[in-house]
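Nothing in this text is a laboratory measurement; each read-out follows from the coordinates by a stated rule. These figures come from a predicted structure and were not determined experimentally. Glycine gets a Cβ as well: all are built from the backbone with ideal geometry, and neighbour counts include every protein chain shown.
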Amino acid sequence: MKKIMTNFIATPSRTQAIMKEHRFSVKKSLGQNFLIDVNILTHIIDSAGIDSDSNVIEIGPGIGSLTEQLALKAKKVVAFEIDQRLKPVLASTLEPYDNIKIIFEDILKADIESIIKNEFSPGEKIHIVANLPYYITTPILLRLLHDKLPIDTMTVMMQKEVAERMAAKPNTKAYGSLTIAVQYYTNAEIVMEVPRTVFLPQPNVTSSVLHLDLKAKKDVDVQDENLFFEIIRASFVHRRKTILNNLSVFYKEKITKSDLSLILTEIDIDPKRRGESISIEEYAKISNRFLKIL
Ligand code: SAM
């Protein structure tokens, strides 16, 4: 047992040895910071609720640190990696495991829906678990959410401030259009903060693990999602302005400021409030009302 423990990829010595053996040097531009602490990985995997029935999609396996721990607990792991240089590395580090499939594609371009259909049985639960490349955390998560893929949970490591924005409550500095986009689809919870010291090389920022539970049924009724998200973006263009001022500038071709004020009042939203004080339910109410007039 001791021998297996010390042989895990996610240790400083093994990670360094793998990189040396394959003459692999990290690319900062791809957000390559590898985890070198098995305890952190175990915590992430436990927070994701992974067991022997779980199907997992990992984004960015790197040299396989998280992938290995996932393979030990899950039924099957499908991982997307953009860096072709990692092909021989992963073929060697993950060679002992027969429940892993690595797809060398950009997660932003891959046909994830078809891959899910091909790799997993219909109706089975699918979990995303990843130590995300920080330079594209938001585009990746928004793509996965907007595409309405059959995913049950996402447990993902990212820059601490981004996790705080995704899990924020109204009336806080972190609450904004990203918060609403994420919480429209999911219940979001920060699981833990992760220090820089558990990565090789160390990133410049502190990280957090965010757990997102996808809502099987949305708790707000939105009749036109495009309009809903447009209104939300418009409401946060100038954070310090009132919702009336932000929306009247954005929709100046379509509605007068005084009509806008009347409509907001009619649906019990004080026009002097700021975007950051307005809940998801209230944005749904605004967009459903605007649908009738814009
Ligand atoms: N999972 C490994 C770990 O925890 O040690 C590596 C995580 S590292 C923070 C991010 C990984 O994502 C890198 O391996 C990088 O090459 C990969 N990556 C970056 N952009 C990507 C993209 N668009 N699609 C798929 N993988 C990507």
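By the gyration tensor of its Cα atoms, with a ≥ b ≥ c the square roots of the eigenvalues, what is the shape of segment 67-130: rounded for a/c under 1.5, prolate for a/b over b/c, or oblate? Oblate shape, in that a/c is at least 1.5 and b/c is the bigger or equal ratio. Each residue of segment 97-112 was assigned a 3J(HN,Hα) from its phi angle through the Karplus expression (A = 6.51, B = -1.76, C = 1.60, θ = phi - 60°), giving 10, 9, 10, 10, 10, 9, 10, 8, 9, 6, 4, 7, 10, 5, 8, 5 Hz with x at Gly and Pro. Taking the chain, how much of its Cα-Cα pair set, in percent, is spaced more than 30 angstrom apart? Of all Cα-Cα pairs in the chain, 39 percent lie more than 30 Å apart. For the chain, a Gaussian network of Cα nodes joined below 10 Å ranks 52, 114, 207 by mean-square fluctuation, and the top entry is 114. For segment 233-294, the relative contact order works out to 36 percent when only alpha carbon pairs closer than 8 Å and six or more residues apart are counted.
Projecting the Cα atoms of 157, 183, 171 onto the charge dipole of segment 154-196, computed from C-beta unit charges around the Cα centre, puts 171 farthest toward the positive end.
For segment 179-294, a Kirkwood hydrodynamic radius built from all Cα pairs, placed in the Stokes-Einstein relation at 37 °C and 0.692 mPa s, yields a translational diffusion coefficient of 204 µm²/s. Loop-located trypsin sites (Lys or Arg not before Pro) in segment 82-184 (DSSP state not H, G, I, E or B) with no more than 11 neighbouring Cβ atoms inside 10 Å: 109, 148, 173. Per-residue 3J(HN,Hα) values for segment 128-134, derived from phi via the Karplus relation 6.51 cos²θ - 1.76 cosθ + 1.60 with θ = phi - 60°, read 9, 9, 7, 9, 6, x, 5 Hz in sequence order (x marks Gly and Pro).
Using +1 at the C-beta of Lys and Arg and -1 at the C-beta of Asp and Glu, which of 263, 279, 249 has the Cα lying farthest in the positive direction of the dipole of segment 244-294? Value: 249. Helix 137-146 and the longest principal axis of the Cα set of the chain meet at an angle near 70°. So, in Å, what gap is there between the alpha-carbon centers of segment 140-161 and segment 43-120? Computed from Cα coordinates, the inter-centre distance equals 15 Å. Candidate cross-link partners of residue 252 among the lysines, defined by an alpha-carbon separation under 23 Å and a same-chain spacing of 8 or more, comprise 241, 272, 285, 292. Computed over the alpha-carbon atoms, segment 1-80 gives an Rg to Rh ratio of 0.97, Rh here being the Kirkwood radius from the mean inverse distance.
Summed over qualifying helices (DSSP H, 4 residues or more, each -39500 (n - 2.57)) and divided by its residue number, the chain shows a 222 nm mean residue ellipticity of -11000 deg cm²/dmol. Taking a spot 7 Å from the Cα of residue 219 along the direction of its beta carbon, which residues of segment 252-292 have an amide N less than 16 Å from it? Those under the cut-off are 278-285. Think of segment 59-116 as a dipole: +1 on every Lys or Arg Cβ, -1 on every Asp or Glu Cβ, centred on the Cα centre; then among 70, 114, 86, 70 lies furthest on the positive end. Structure note, pairs 73/169; 101/217; 173/218; 160/215: Cα-Cα distances above 27 angstrom occur for 73/169; 101/217.
Using a cutoff of 8 angstrom between alpha carbon atoms and counting only pairs six or more residues apart, the relative contact order for the chain works out to 15 percent.
Take every Cα pair under 8 Å whose residues are at least 6 apart in sequence, average their separation, divide by the length of segment 44-123, and the relative contact order is 28 percent.
Pick out which of 97, 134, 283 has the largest mean-square fluctuation in a Gaussian network model of the chain, springs linking Cα atoms closer than 10 Å. With Cα springs under 10 Å in the chain, the top fluctuation among 97, 134, 283 is at 97.
Roughly how tilted is helix 280-291, in degrees to the nearest 10 and between 0 and 90, from the longest Cα axis of the chain? So the inclination is approximately 50 degrees. Comparing 19, 158, 192 in a Gaussian network model of the chain where C-alpha atoms under 10 Å apart are linked, the largest mean-square fluctuation is found at 19.
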